[in-house]
Structure formats: structure tokens, C-alpha cells
Amino acid sequence: MTADISNKTLIDMHRRMVRIRLFEEAAGKLMEDGKVPGALHLYVGQEAVASGVMVHLTNKDQVTSTHRGHGHLIAKGGQFDKMFAELYGKSTGYCKGKGGSMHICDLELGMLGANGIVGGGPPIAMGAGFSAKFRKTNDVAVTFFGDGASNEGAFHEAANMAALFKLPVVFVCENNGYGEYTAQSNHQAIVDVADRAPGYGMPGVIVDGMDAIAVYEAAGEAVARARAGQGPTLLECKTYRYYDHVGVRGMGLKYRSDEEVALWQERDCIDRIEAHLIEQGISTQRKLENVHKSTLKEVHEGIAFAEASPMPEPSALLEDVYA
Amino acid sequence: MTADISNKTLIDMHRRMVRIRLFEEAAGKLMEDGKVPGALHLYVGQEAVASGVMVHLTNKDQVTSTHRGHGHLIAKGGQFDKMFAELYGKSTGYCKGKGGSMHICDLELGMLGANGIVGGGPPIAMGAGFSAKFRKTNDVAVTFFGDGASNEGAFHEAANMAALFKLPVVFVCENNGYGEYTAQSNHQAIVDVADRAPGYGMPGVIVDGMDAIAVYEAAGEAVARARAGQGPTLLECKTYRYYDHVGVRGMGLKYRSDEEVALWQERDCIDRIEAHLIEQGISTQRKLENVHKSTLKEVHEGIAFAEASPMPEPSALLEDVYA
Amino acid sequence: MAEAIADNSERELPYVRAITEGVREVLLEQDNSFVAGEDVAGAGSVYGYYAGLLDEFGPERIYDTPISEEGIVGLGVGASATGCRPIIDLMFMDFLGECMDEVANQMAKMRYMFGGAATLPLTMLTMSGAGASLAAQHSQSLEAWICHLPGLKVVQPTTPYDAKGMIIAAARDDNPVIVVLNKMSLGLMGPVPEGPYEIPIGKANVVRPGTNYTIVATGRMLHEALKAATQLTELGIDTEVIDPRSLQPFDTATVVESVKKTHRVMVVHEAVRFGGIGAEIAAQIQEDAFDYLDAPVARVGAPFSPVPYSPALESIYVPSAKSIVAEAKKQLGL
Amino acid sequence: MAEAIADNSERELPYVRAITEGVREVLLEQDNSFVAGEDVAGAGSVYGYYAGLLDEFGPERIYDTPISEEGIVGLGVGASATGCRPIIDLMFMDFLGECMDEVANQMAKMRYMFGGAATLPLTMLTMSGAGASLAAQHSQSLEAWICHLPGLKVVQPTTPYDAKGMIIAAARDDNPVIVVLNKMSLGLMGPVPEGPYEIPIGKANVVRPGTNYTIVATGRMLHEALKAATQLTELGIDTEVIDPRSLQPFDTATVVESVKKTHRVMVVHEAVRFGGIGAEIAAQIQEDAFDYLDAPVARVGAPFSPVPYSPALESIYVPSAKSIVAEAKKQLGL
Ligand SMILES: Cc1ncc(C[n+]2csc(CCOP(=O)(O)OP(=O)(O)O)c2C)c(N)n1
Ligand SMILES: Cc1ncc(C[n+]2csc(CCOP(=O)(O)OP(=O)(O)O)c2C)c(N)n1
Ligand SMILES: [Mg+2]
Ligand SMILES: [Mg+2]
């Protein structure tokens, strides 16, 4: 399905996906090299979801993210320099070094933060959607969450309230088949998280999360419904994370087969959109390579910025607790 | 549908229903008269549900209840004397006066307690079902909860886990159309709570909760499924509470019409089963009246027992905190 | 300033109506404020303290929610981070259990985790306290949990006057503020000025002056402490009674100043004594006024058990003027 | 008896493996015990402390659960009330937020509310502490919340030896016991006897004897306190270090006895200082040893902010030997 999508949008989505991929590859390497502390949950593999959704949103539309949040911020327009600086714990980072990967955010962009709490996002997004409706703006709120998160009570309560109040909210479940090291079949007795939608009185839609165009179209409908005051949608994107739950190789556990990983990688979302762009004559190999190249340059500049930035002063410790 | 139900069971159900009704009428009066303290949530109107479910259970099957818990305890075999004593806060009560109406229980009967927390029961029943499966008994666990409670995250988590682990649990939603003073249409965007069942991978069944025989049959299937190791069922019983959310007249709010109340009362579960028993020649007016009479006698004896019982000694205050 | 306004008014209102007025002033003053919670609209809350607000402000300002405490607080967090000033109602403080993640991990921390980028002008009203035979799950005083959470403010109004003024102060504050109400105080009468006024957050109230003994009493215990003070005065103990009013931030200075004068002090609250806010207050007093203390800081709180149902037990469970006096006598060797 | 067994063994194990052994002994000893939690089976927990147990005991004893903390604790409550002795895992203590109702309103109170009819032999393991740059939602020490709840026991093992012995004691106890582990201690080596042994719940451990100063230090802070003690001794302060090990019940007597000897005392924990368990300990000490105190009870804890991510901030946020020594000097006027 490629109907109704402009070349500009395709190129825009591609660019967002590449930006996520290259940022994440670099971030993973920094973690492996011990240059950034804490826990990093890489988004690589799932780029089509964040990008396909985010192209529908303005900076006034609100997004809540997860522990796996870099992709959402980048797709919403996040700057590499402030992001890397945050991962390094530097004062120039998005959160002045106080939040790190799991709380990275940009409120100017309407990115209400990664969240270290699984299921932490949906209630907040529901609240942001409530706020939009209350203030009679035309904004929507989108909450990203995993298959694992769909088992949290917080998701349930938020979904029910969003449907009840007909809030402009889109629930985007990124079903990557695992919650940490536990396969979906070991955490819920259903195959499609979208099956939960009718229980709240909202439509449930399933889409190939490795196909940016498919995500784009389904998200477009869900966002349009929300903006039109028709209430929330549960959009389930079937996707996959290439690296481990945390970091690149994680704990080194064998909880999924190499074949399975390879199978999903064959359906890589970036390969796919690039093939499409070239086939349709929308772009060229060379132009696409340039996107990678310039993005990589930005990655390096971002890292350099982060490395050159100062650590927070001790006096920062007790700042920002209260307004 | 009257298939497969013995006369004995019908008479048993009727007796349980009458016991609940007369206990509750008396309890309501005691509260109005200021004889019992605290908050009393009367079950009158919903008797068919507790009775139709409980006739399938043994004392080793576990039940969790709600704030509206007297009916569940009575249907499971609870004794009036200990119940009234508990409402009076006496040392001879089921909880030695420490729990009151909202925590009334009888663990010997497999009645794991009323619960002051809306949504408090399902996770505990799920745990009891887990326990039965783990210990390889053949027992089941039944959790009663309201339409309002179905919006609590606790219900969601328990339902998902029960389905995942194929636990011998029956989720009985007593949908009486209101959570306190809020109509169902103002607390969820669905009409049938049973619609939530597919989202957990369990069957959802809707039954007329004013018809003890219908409840009996549906509950029988659900309990049989559970005992056979086929996992949980969500059984929604459409029912109604005749009195206010709390006490007899509650806060005196007008949140439902007299016509609505009257309409439900026309379908009264006790009238209905009594008509059936007489029509079918299973019982006689006289015999049924005797059930009421002897129950009433037991009510009076229970109250007398409670009134004659001593209050707990001050020394009891710090007992029973730890084993 | 609050005091100046107080003088203008002889009007008396019960605590429950003072709450209503406080919320009403907020709704009049702040277009982006609304009330959301279980049975707050149609029923005006099960305590009736929002009564009339639905009629006056309409369903676009007062929202009944599902029974979903985590969702309700999430609504408040998300809405307050995006331009609203919500008043969120948690029917019983005991239900903190259902929404503690939203309170502790999101509401309290969002601003800090985001390096100051988020502002959450959120007010949460909740009902605490024993005394109504509501048993272990509807009678708790759990303020110690939330006072231990940097990022939150916690206030506990004890009089109608304070209830109105602290709700207004809480709603005007750009931080999340939890207002801990008391269910046994709903009928308590007291002067309440018309119009808006603020009780400053973070300032204790010396309710009764005294010279040689201090009682710091929170919530409903203030009234028991005042009764106890009268009895103690008859024993020659001229008791100063302080109501902290704000638990977080806590006005250590006012308490310490009193203790430096009186040299003997007791802290009283309704919560379980072990690990209650009284422990923090006692610890602070002995830190800051060690050399002035003639006796250990005494603490009165509930004993170490859940709240019992039976009136026979609950009445001895909840601290009272009697138990305060008894403890004071023990402390002072009388 | 624990001590007798300890002498038999020269074997050293890291804290993480001592946890494994403790749980393993429980599973061997008690047929009705099982482990349930997020990623406890296949992964052996994200810290690896259940590693190998799935292989040894099979999937009928070790259960991976969905990410449903309230459900997990509910599973433990329901199962323990009906004949099992579950070991429930809460991956991070910060997630108490998701299950606080189940912990506070059900687990802690069921027995009391039921007049003693229910018995809940439930053990819950959870991981606390900062130091790994995991930021505000994965680094907390929230033991003050659960110590304020009658009906629960709370223990906090600081060494491999204690970890194994307290898990066994917790699992043998017929009450719900929460075992608070520390993530920065996982690699800590120490002697661990083979076979089962118990560290009694409710008994503090005088880890280092001293004559004129007492430090009461919980959790990971014990090790910082021991370092501080060495430094203080060089300053002529012969420091006794006490590890309470059990926070609820708390062994007041051992602490008070020490203070009566040393006359000066400091309480150290990793949790936020305001409203931390140190407040309770300080309050108790001044109550029971007032006349023996030569200086106010000092408290060291985290400052009043959420836990920051940046190592530059986190390293000054978490109390250390350095901050302990600095505070002691202040307290003692050195
Ligand atoms: C409330 C809570 N429980 C558990 C965790 C630990 N945890 C972090 S990520 C994760 C898995 C989440 O799975 P899913 O929602 O599918 O997202 P994914 O990691 O697959 O993107 C878990 C269990 C947490 N951070 N918060
Ligand atoms: C966690 C929690 N939230 C709110 C309440 C207050 N409350 C008690 S009963 C009730 C309504 C419950 O509605 P429903 O589940 O439909 O049961 P019903 O009363 O209709 O039997 C509410 C909101 C509570 N006790 N516990
Ligand atoms: Mg996943
Ligand atoms: Mg109902």
C-alpha cells in the first residue's frame, strides 16, 4: 500500500529512520566501550514505528515514550548533541545530566519523556490527551509502549479512560515479541495485543511494524480519528529489536534463535524503504548514501559535543526538585 | 433453561438466596438504627449470582469477595451469629471484631474475605488458583467483582496472568450498572464487561444475573472448565442492587430513577425462583414460607448472639498482627 | 495577609464546606483548572465536599472518573505537564497503594528527571484518618510515605480556615501538592473568610502559646492536643501547641524556637508511631535543640497494628487527649 | 546456631551467589515453595541471582511472570494464604509503586483484618539502591514505606553470609517478610557456609566493636561505615559499627546498649534522609538513651532530591565514608 503518501513524506520518514539507526549504533558502541554509564535500551529494528507515527505530529502533539526511548525522541526531532550529552551525564544534555537514557525528553518538541517504568507512559499520555481536549487545542497525544507493558494495570486504566472520555490519544503498541527475555507467548495468552481494544470500546488495528509506509497509513488514520474527536485507537505494530534487551549484547542470554533474528533482519525497515525509494525513482542510491553520511557526521559531532561538555556542578544536585 | 438441574439444587439455591436477603434486610435495619458502626454495602437484589455460583463449590474452593461481601459469605455457608457479631464489632465475630463488614471472611469455608479495596480480590483469587494448580488439588478459585472494579489495573493483571497460566479461576463480574453513584456508561465505553475476555485469551460469557438457574448453568460450565484444567472464564452477570451503594438509603442522592429500580425489582430473583419451584411442583408456598420463617428465626438468634457477645478486650488490639 | 482577611469575617463554616469554597475559588480563579476523581461530580464526592460545583461550573470542569486511581493520577500528571492545573481527588488516602507509582515515580520526579523542563501545577486532595469504624483499608494516615518523596509538597489542614486557604495555596503553587484531609473533621466548625486567601505552605502555626511545654500535633490530633493542653495547664504545665500545617516542607524553625523556650516537647500524630512523620520531627528537634532539651522528645502515635474495626478497639487505637496527657506525665515524671 | 555453622566454612562467595544459595535451600527444604517474578526463570533474574534454579528445580518451581507487579504480589498473597510458601521477586524496589496496594493493604493486613485466621508465609525479594547510574526510578531505597506497615517484616542483608541466612529465615517465617537487597553489593565477596542456616530476624549485628562512638548503618552503607570507622579510629574515635540487619522488627536494645556505652551515635542509610528509617532510629535512641547522649544523634542519608543519573551527581548524592566522617567531625566538634 503506497497510496496517498507524498515523496516528501517518504524521504522524511527515511531520514528519521536513518537518524535513529545511526544514533543507536553509535550509542551502543559507546556503551560497550564503557563511555556512557547506566542502562541503554536500543531501538534498532523498530525505526519504522516511531518514524511512521511521528511524521503525522506537530511539536504541540504530545508523545510519551518508554525505557527504549531514543528512537521516539529522534523521530520527533531530537538533537543528537543534547542526546549524547545526556547519555554522558553532562550538564548540556537534555535533562542536564539528571535523567539519562531512561528519562530523555524534549518538552519543546512535545516529547514528554522516556520512562523507566514499564507502563508509565499511557496514563500520562491519556492526561495529555485530556488536557488537549480540555483546552480545546487540536493536539493529539501518542503513547508508545511494548507488548510487555500491555500487561500492566496502568495501560488498562489509561485505555479505558481514554475511550470513555473520547480523548485524542493513540496507543501505539510496539510488539517486538519480548518483554526483556520473556517471549510474548510466556507473558500473555493472546497473539495480538490489538485484541484488547474492543474491551475498551476503541478500534484495534494491526500493522506490519517493519514497513514504514504501512505504519504511516495506519497511524495517519488513528491520528486523524483522534484529531476529529472520535477518540483513541490501539495501533499494534509487529516489530523486532535487533540487539539485546539492554545494550548491544545484554546479559548474553540465549532466549531467541539466530534464525529468528535473521528472519526479521531480512525484513529490515530501512532496507525496505530504500529499495522502495529507488525502485519508484523517488531517490537514488547516491542520495540515500548521503543521508547516511551526513547523519553519521552529525553523530560524530554530537559525540564530540558531549565529550567536550562539562559534568554538572555539585550545586546542580539540589536544583530542579521544585519549581 | 432448566435442564440438568436437580430439585435439590434448586431448593438449595433458593435457601441460600433467602438467607442472604433476610440477613441483609436485617443488617440494613441495624445500620439505620445505629446499632452497627462503619459502612455496610448491601447485596440485596444480587442474590442469584452468589447462590448460583456457590452451589458448585466445596469448602476447599476459594472465593474472594468485595466490599459488598455478606452475600458471598452466606452463599458459601457463613453463619449468621458470627456475621452479626462481626458487624457489631464483637469478639465473637468472624474476625474477632477487627475486620467488620468489609473484611468479613471464613477461611474454613474457603471464603478469603470481603475486601475494602475495589479490585482487591482478583489478584488474590488468581494466587489461590495458582496455589491449587501448584499443589495439584482439584480446587478452583472464584473472584467476584463489580462493573466498576473491572476498570482497576488489578483486575487486568490478574485476568492476564490467570489466562497465561491456565489457572482454575472464574472471574465473576457482578455488573449492577453502577460503581457507587456513577453509571456504567460514565465509567467505561463498553456495555458488556465480558467483551474484555478475548483480550486475555479467555471465554467471556454473559448471563442474566437475576435468574439463579441461568447463573447456575453458566457458572457450572465455567467451574467445570476450571476444574478440567482449561483455564479461566469471565462470567458477567447482569444484576442490580436494590438499596443504595452504602447502607439502605446511602447519601440520599438521586442518581437512578424509581422506574429503573422498579423494573429490576419486577424481575426479582427470589420471586422468580419461588414461582418456578411452585409451578414445577418442586415446592409449595407453605414450604417456601417456612424457609423464610426459619431463616428469620436464625437472623434473630444471630442478632441476639451478637448483642449478648462481649466487645474485644483492649489486649486484643495488638494480637493477630503477626503469626 | 491571611490573618488580615480573617479579621474581616465572623462567618463560621464546617470543614467540609471550607473545602468546597477553597476548590470553588480555585475554579473561579484559574481557567485551566478542573476537578477529576471518583464520584466528585454527580455525588460531589462521598463526603460531599464538592457539592454544588458541578451545577456551578458544569461538566467541563468537574469530571467523574472510572475507579482507576493510577489512571486518575496519571491524568493529573499528564494534564498538569501540558498546560492544565488539575485538582485530582483520591477518595481515601489508603488508595495511595493503587497509584503510588504515578505519585512517587512520575509526579514527584518528572521535573527533576527532566532537568527542570517540566512543571506540574497539580493539586491532589485525599482523605485520611481513623475513627469511623471503616477498618484497616479505609482509615490510614500514610503521610510518611509521601513526605519521604522529594518533589512533592504535603499539607494537612486542621481547621476550616486552613482547609480553604491551603487548598488555594496548593492550587496556586507550581508544584504537585498533596492536601491531606481528615474525615472526622468534616463537621468541625470554624471561621472562614469569604473570597480567596492563602495559608502559606511551609509555615507552622502556633495555635496556643505556652511557656514550658510544647506539643507539635498534626491533623486531627491538633484538637486532641489542645484539649490535652488545657488539662496539662491545670497540672502547671503551660503548654504551647504547634500545628505544622505543612509537612513537606516542614517548618523546623518554628518548632525549634518553641522548644528552645519550653525545653520539653511531644510530637503527636494519628499515623502508626513507628516510622511516622513524628520520627522525623523528633530527630530534627534533638538535632537542632539538643542542648535545650530537658527530656527526650516524646512521640504519640498509633500502636503497631492495622486500624481495627470494632469501636472498642479503634477508640483505644487512635491517640486522644487522654493518651497525650498520660504520655506527657510519663515523659515529665509527673 | 548460624555462628556455629559459619565456623565450619572457609568458602567465599559473592553476595549474588549467596542469594542463589539461600533460595536454593528454601526450595530444597519446602515443597510448597516456588519462585515467581519477572525474568526469574529463563534469565535467572536480570541480576542473575536465580541462575541455575530453573535447571535444577524445573518450571514447576520457578515461574516467569508477565510485567504485572500488582498481579505478582497478588499471586504471592493468594498462594501463601492457601497453603504455599511463595518467594516473590520484585525486580526493583522502585516498583513498589505498582504493587503498594497488594503489599500494604492486602499482604500486611490480611491476617489482622481476618482476626488471625489467615497466615501468609510469603517472602519477597527486591533490589534497592543507587550507584549504577540508573536514575530516579531504578535507584531508590524505599524501606521507610514498608517499615511503617504493621504486619510486615523487613530485613536488609549486607553481606553474602547474611543474604543467604536471612533469605532462609524469611522463608521459614510464617509472616510476610520483605528482603531488601542491594544492587551494588552483588559482587561483594564473603564467607558463606554450605547448607542451610538462619540469621534470626530482629537481631542486630555488632559488626565492629568500639568504645566511644556508635554508627548504625543499614544496607550498603554498612561498608561505608566500616571504612569511616577506620578513619575515625585514626582520629581517636574508637567506633562501634552496628548493622541492624532487620529493620522491622528493629532491635532497639542492641543499639541502645551500644549508645549507653559510647554516648555518641550516628545513623546512616542510603535512603533520602528526610523521613528515612534513620529518623525512627534516632527518635528511639534519644527516647531510650537520652541521659547517656553527649551529642545529638546524627543522621546521614541522601539529600532531598530524586536520584540523579550523572555519575558526577550520583557520586555525591549517595552517602560515603567521606560524608560519614565529615558529618561525624561536625557532630563531635572535631
Ligand atoms: C514497572 C516496571 N516493571 C519492570 C521493569 C523492568 N523492565 C524494563 S524493560 C522491561 C521489558 C519491557 O517489555 P516491553 O514492554 O515489551 O518493551 P520492550 O523492552 O520490548 O521494548 C522490563 C520488565 C520496569 N522498568 N518497570
Ligand atoms: C481502590 C478503591 N477505589 C475506590 C474505592 C471506593 N469504592 C468503594 S465501592 C466503590 C464502587 C465499586 O463499584 P463496583 O465495582 O461496580 O461494585 P458495586 O459497589 O457496584 O457492587 C468504590 C468506588 C475503594 N473502596 N477502593
Ligand atoms: Mg517488547
Ligand atoms: Mg457495580
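The values are calculated or read from the model by the stated rules, or taken from the named source; none is laboratory data. The shown structure was predicted, so the numbers you read here are calculated from the model rather than taken from an experiment. All Cβ positions, glycine included, derive from the backbone under ideal geometry; neighbour counts span all protein chains shown.
So, of the residues in the range D:46-72 that are away from chain B (no Cβ under 11 Å), part of a loop (DSSP other than H, G, I, E, B) and hydrophobic (A, V, I, L, M, F, W, C), which turns out to be surrounded by the fewest Cβ atoms within 10 Å (Cβ to Cβ)?
D:A51
I'd like to verify a number: residues in the range C:75-99 that are within 11 Å of chain A (Cβ to nearest Cβ) and not acidic (D, E), how many? Don't jump to the end; show me each part of the working.
First, pick out the residues of the range C:75-99 that are within 11 Å of chain A (Cβ to nearest Cβ): C:75-86, C:88, C:98-99.
With the extra rule that they be not acidic (D, E), the set shrinks to C:75-86, C:88, C:99.
Selection size over the range C:75-99: 14.
In this structure, is A:E313 at pLDDT 95 or above and within 30 Å of C:F114 (Cα to Cα)?
Numbers: at pLDDT 95 or above: yes; within 30 Å of C:F114 (Cα to Cα): yes.
Yes.
Quick one: how many residues across the range D:217-236 are among the hydroxyl-bearing types (S, T, Y), surrounded by fewer than 24 Cβ atoms within 10 Å (Cβ to Cβ) and modelled with pLDDT of 95 or more? Lay out the reasoning, then the answer.
Step one: list which residues in the range D:217-236 are among the hydroxyl-bearing types (S, T, Y), which gives D:218, D:230, D:233.
Applying the additional criterion that residues be surrounded by fewer than 24 Cβ atoms within 10 Å (Cβ to Cβ) yields D:230, D:233.
Still in the running and modelled with pLDDT of 95 or more: D:230.
Adding up the residues that qualify gives 1.
Which residue is nearest to ligand 1 (Cβ to nearest atom), if the candidates are limited to the range C:73-107 and must be over 28 Å from C:V307 (Cα atoms) and either out of contact with any helix residue (DSSP H, G or I) (no Cβ under 8 Å at 6 or more places or on another chain) or not in a helix (DSSP H, G or I) (or both)?
C:A81
For the range A:151-174, enumerate the residues that are closer than 12 Å to A:F130 by Cβ, surrounded by 24 or more Cβ atoms within 10 Å (Cβ to Cβ) and not aliphatic (A, V, I, L, M).
Applying the first criterion (closer than 12 Å to A:F130 by Cβ) to the range A:151-174 yields A:158, A:161-162, A:164-169.
Next, only the ones that are surrounded by 24 or more Cβ atoms within 10 Å (Cβ to Cβ) stay: A:158, A:161-162, A:164, A:167-169.
A:P168, the sole residue that qualifies.
Only residues in the range B:244-268 that are more than 14 Å from chain C (Cβ to nearest Cβ) count as the first member; pair them with residues that are not aliphatic (A, V, I, L, M), Cβ under 6 angstrom, at least 6 apart or cross-chain, and list the lot.
Going by the 6 Å Cβ cut-off, the qualifying pairs are B:V248/B:G28; B:V248/B:E32; B:W264/B:Y240.
Tally up the residues in the range C:108-122 that are without any contact (Cβ under 8 Å) to a residue 12 or more places away in the chain, assigned to a loop (DSSP other than H, G, I, E, B) and crowded, with 24+ Cβ neighbours inside 10 Å, please.
2
Search the range C:296-318 for residues being part of a helix (DSSP H, G or I) and facing another protein chain (nearest Cβ under 7 Å), and hand back the single one that is surrounded by the fewest Cβ atoms within 10 Å (Cβ to Cβ). Give the steps one after another, and end with the answer.
Going through the range C:296-318, the residues part of a helix (DSSP H, G or I) turn out to be C:311-317.
Add one more test, that the residue is facing another protein chain (nearest Cβ under 7 Å), and what stays is C:311-313, C:316-317.
Numbers: C:P311: 20, C:A312: 20, C:L313: 25, C:I316: 15, C:Y317: 23.
Checking each candidate, the answer is C:I316.
Are any residues in the range A:307-316 in a helix (DSSP H, G or I), more than 10 Å from chain C (Cβ to nearest Cβ) and under 13 Å from A:G89 (Cβ atoms), and if so, which ones?
Within the range A:307-316, the subset in a helix (DSSP H, G or I) is A:307-308, A:314-316.
Checking the rest, the ones that are also more than 10 Å from chain C (Cβ to nearest Cβ) come to A:307-308, A:314-315.
Across the range A:307-316, the qualifying residue is only A:E307.
Which one of the conditions (1) surrounded by fewer than 20 Cβ atoms within 10 Å (Cβ to Cβ); (2) within 28 Å of B:E180 (Cβ to Cβ) does B:F23 fail to meet, given that it meets all the rest?
(1)
Taking A:A39 as the residue in question, decide whether it is out of contact with any strand residue (DSSP E or B) (no Cβ under 6 Å at 6 or more places or on another chain), more than 14 Å from chain D (Cβ to nearest Cβ) and either part of a loop (DSSP other than H, G, I, E, B) or in contact (Cβ under 8 Å) with a residue 24 or more places away in the chain (or both). Before the answer, list the steps.
Working: out of contact with any strand residue (DSSP E or B) (no Cβ under 6 Å at 6 or more places or on another chain): yes; more than 14 Å from chain D (Cβ to nearest Cβ): no; either part of a loop (DSSP other than H, G, I, E, B) or in contact (Cβ under 8 Å) with a residue 24 or more places away in the chain (or both): yes.
So A:A39 fails the test.
Is the range D:192-215 home to any residue that is within 14 Å of chain C (Cβ to nearest Cβ), surrounded by 24 or more Cβ atoms within 10 Å (Cβ to Cβ) and at negative phi?
The first filter runs over the range D:192-215 and keeps only residues within 14 Å of chain C (Cβ to nearest Cβ), leaving D:202.
Going one step further and asking which of them are surrounded by 24 or more Cβ atoms within 10 Å (Cβ to Cβ), we end up with none.
So far as the range D:192-215 goes, no, none of its residues is within 14 Å of chain C (Cβ to nearest Cβ), surrounded by 24 or more Cβ atoms within 10 Å (Cβ to Cβ) and at negative phi.
Out of contact with any helix residue (DSSP H, G or I) (no Cβ under 6 Å at 6 or more places or on another chain), away from chain D (no Cβ under 14 Å) and within 16 Å of ligand 1 (Cβ to nearest atom): does that describe A:R241?
Values: out of contact with any helix residue (DSSP H, G or I) (no Cβ under 6 Å at 6 or more places or on another chain): yes; away from chain D (no Cβ under 14 Å): yes; within 16 Å of ligand 1 (Cβ to nearest atom): yes.
In short, yes.
Could you look through the range A:129-162, keep only residues that are more than 16 Å from ligand 1 (Cβ to nearest atom) and of a type in the set (D, E, K, R), and pick out the one that is nearest to the chain's Cα centre (by Cα)?
Applying the filter and picking the extreme gives A:D139.
Does the range A:198-213 contain at least one residue that is at pLDDT 95 or above, surrounded by 24 or more Cβ atoms within 10 Å (Cβ to Cβ) and under 22 Å from A:D139 (Cβ atoms)?
Yes, the conditions are met somewhere in the range A:198-213.
Restricting to helices (runs of 4 or more DSSP H) lying wholly in the range B:195-301: which have 3 or more residues that are in contact with a Gly (Cβ under 7 Å, 6 or more places away or on another chain) and under 23 Å from B:V18 (Cβ atoms)? Can you show your working first?
Numbers: elements: B:212-227, B:258-265, B:269-279.
Correct list: B:212-227.
Limited to the range C:265-318, what total is found for residues that are of a type outside the set (A, V, I, L, M, F, W, C) and touching a Cys at 6+ places or on another chain (Cβ under 6 Å)? Let's see the steps before the verdict.
So in the range C:265-318, the residues of a type outside the set (A, V, I, L, M, F, W, C) come out as C:269-270, C:273, C:275-276, C:278, C:280, C:284, C:286-288, C:291-292, C:294, C:296, C:299, C:301, C:303, C:305-306, C:308-311, C:314-315, C:317.
Still in the running and touching a Cys at 6+ places or on another chain (Cβ under 6 Å): C:275.
Of the residues in the range C:265-318, 1 are of a type outside the set (A, V, I, L, M, F, W, C) and touching a Cys at 6+ places or on another chain (Cβ under 6 Å).
If you go through the range D:128-141 one residue at a time, do you hit one that is crowded, with 24+ Cβ neighbours inside 10 Å, within 14 Å of chain B (Cβ to nearest Cβ) and on the phi < 0 side of the Ramachandran plot?
No, the range D:128-141 contains no residue that is crowded, with 24+ Cβ neighbours inside 10 Å, within 14 Å of chain B (Cβ to nearest Cβ) and on the phi < 0 side of the Ramachandran plot.
So how many residues does the range B:159-194 have that are in a strand (DSSP E or B) and among the aromatic types (F, W, Y)? Please lay out each step first, then the result.
First, pick out the residues of the range B:159-194 that are in a strand (DSSP E or B): B:169-175, B:178-179, B:182-183.
Next cut, among the aromatic types (F, W, Y) only: B:171, B:178.
Total satisfying the criteria: 2.
What residue, of C:A321, C:A279, C:A289, C:A253, is more than 24 Å from B:P312 (Cβ to Cβ), away from chain B (no Cβ under 14 Å) and in contact with a Lys or Arg (Cβ under 6 Å, 6 or more places away or on another chain)?
Of the residues listed, the single one that is more than 24 Å from B:P312 (Cβ to Cβ), away from chain B (no Cβ under 14 Å) and in contact with a Lys or Arg (Cβ under 6 Å, 6 or more places away or on another chain) is C:A289.
In the list B:G229, B:G177, which residue meets the criterion of being within 16 Å of ligand 4 (Cβ to nearest atom) and surrounded by fewer than 24 Cβ atoms within 10 Å (Cβ to Cβ)?
From the options B:G229, B:G177, the qualifying one is B:G177.
I'd like to verify a number: residues in the range A:116-154 that are over 23 Å from A:L42 (Cβ atoms), more than 7 Å from every other protein chain (Cβ to nearest Cβ) and not small (G, A, S), how many?
So the answer is 6.
Being within 29 Å of C:F92 (Cα to Cα) and more than 17 Å from the chain's Cα centre (by Cα), is that true of even one residue in the range B:38-53?
yes
Condition first: over 21 Å from B:V205 (Cβ atoms) and part of a loop (DSSP other than H, G, I, E, B). Now tell me which residues in the range B:1-36 satisfy that.
B:S6, B:D33, B:G34, B:K35, B:V36
Inside the range B:120-155, can you point out the residues that are within 16 Å of ligand 4 (Cβ to nearest atom), of a type outside the set (A, V, I, L, M) and outside any strand (DSSP E or B)? Before the answer, list the steps.
Residues of the range B:120-155 within 16 Å of ligand 4 (Cβ to nearest atom): B:120-122, B:143-152, B:154-155.
When the remaining residues are screened for being of a type outside the set (A, V, I, L, M), the result is B:120-122, B:143-148, B:150-152, B:155.
B:G120, B:G121, B:P122, B:D147, B:G148, B:S150, B:N151, B:E152, B:F155 - these are the residues of the range B:120-155 that are within 16 Å of ligand 4 (Cβ to nearest atom), of a type outside the set (A, V, I, L, M) and outside any strand (DSSP E or B).
Consider only pairs whose beta carbons are under 6 Å apart and that are at least six residues apart or on different chains; among these, list those whose first residue lies in the range D:234-250 and is closer than 15 Å to D:I201 by Cα and whose second residue is among the charged types (D, E, K, R) and modelled with pLDDT under 95.
Close Cβ pairs (under 6 Å, with a partner that is among the charged types (D, E, K, R) and modelled with pLDDT under 95) do not exist here.
Given the structure, is D:I324 in a helix (DSSP H, G or I), surrounded by fewer than 24 Cβ atoms within 10 Å (Cβ to Cβ) and among the hydrophobic types (A, V, I, L, M, F, W, C)? Walk me through it before giving the result.
On the way: in a helix (DSSP H, G or I): yes; surrounded by fewer than 24 Cβ atoms within 10 Å (Cβ to Cβ): no; among the hydrophobic types (A, V, I, L, M, F, W, C): yes.
Considered against the rule, which asks whether it is in a helix (DSSP H, G or I), surrounded by fewer than 24 Cβ atoms within 10 Å (Cβ to Cβ) and among the hydrophobic types (A, V, I, L, M, F, W, C), D:I324 comes out as no.
For A:I104, all conditions in the list (1) among the β-branched types (V, I, T); (2) out of contact with any Lys or Arg (no Cβ under 8 Å at 6 or more places or on another chain); (3) surrounded by fewer than 24 Cβ atoms within 10 Å (Cβ to Cβ) hold save one; what is the number of the exception?
Status for A:I104: all satisfied but (3).
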